[in-house]
1. Taking the residues in the range 96-108 that are in a helix (DSSP H, G or I) and more than 10 Å from the ligand (Cβ to nearest atom) as candidates, determine which candidate is nearest to Asn139 (Cα to Cα).
2. When you go through (1) within 8 Å of the ligand (Cβ to nearest atom); (2) over 18 Å from Trp18 (Cα atoms); (3) over 15 Å from the mean Cα position of the chain (by Cα) one by one for Arg59, which number turns out not to apply?
3. With the range 8-95 as the region, which strands (runs of 3 or more DSSP E) entirely inside it contain at least 2 residues that are under 25 Å from Arg144 (Cβ atoms)?
Amino acid sequence: MTKQDICIGIIMGSQSDWEIMNNAAETLTALEIPFETKIVSAHRTPDRLYEYAKGAKDRGIKVIIAGAGGAAHLPGMAASMTSLPVLGVPIESKALKGMDSLLSIVQMPGGVPVGTLAIGKAGAINAALLAAQILALENETFARAVSIWREQQTLSVAEEPSS
Ligand SMILES: Nc1c(C(=O)O)ncn1[C@@H]1O[C@H](COP(=O)(O)O)[C@@H](O)[C@H]1O
């Protein structure tokens, strides 16, 4: 994968988010859509976030997936500094089970949207699929990959429960 090929940026507030955000990475790998992963925190590495969000579009990134937990300001702050679509994944927190993360990400003020997914693993997978679907609007290879993924999902669902 060359640097120019990378079109999705997966960022997360901490190494501890990787266990969940890895599901977004695995989904994009399955779809053969090039991506990059970075630890970027609005709180702990504000300069890194500024550089990342300001430079992402020029580097060819088309969608940013941002996972964060607790006071999850990362997706919103990233969205405030770029016109790229930002998809937020609330990471389940210990104290409040991710409700804090969800509300921090979903309750953006009007004018700075963040597309907010479900808490945890399903949210990370869906963020990757949604990012793929956005790219698929203008990329037939990705459109085919998404369509095959859906077909395989359908085929994997048994008609009857096994005992
Ligand atoms: N929400 C944020 C931000 C941010 O929004 O900038 N930076 C780190 N964090 C979150 O803090 C949680 C605990 O992090 P640690 O496990 O490193 O203590 C993580 O879920 C991370 O996303």
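Bear in mind these aren't lab numbers, they're just calculated from the coordinates by the rules spelled out. Keep in mind that what you see is a predicted model, and the values were worked out from it rather than measured. Note: ideal-geometry Cβ built from the backbone for every residue, glycine included; neighbour counts use all protein chains shown.
1. Pass one, the range 96-108, residues in a helix (DSSP H, G or I): 99-106.
Retained after the next criterion (residues that are more than 10 Å from the ligand (Cβ to nearest atom)): 99, 102-103, 106.
Working: Met99: 35, Leu102: 31, Leu103: 33, Val106: 29 Å.
Among those residues, the one meeting the criterion is Val106.
2. Failed condition: (1).
3. Details: elements: 8-12, 35-39, 63-69, 86-91.
So the answer is 8-12, 35-39, 63-69.
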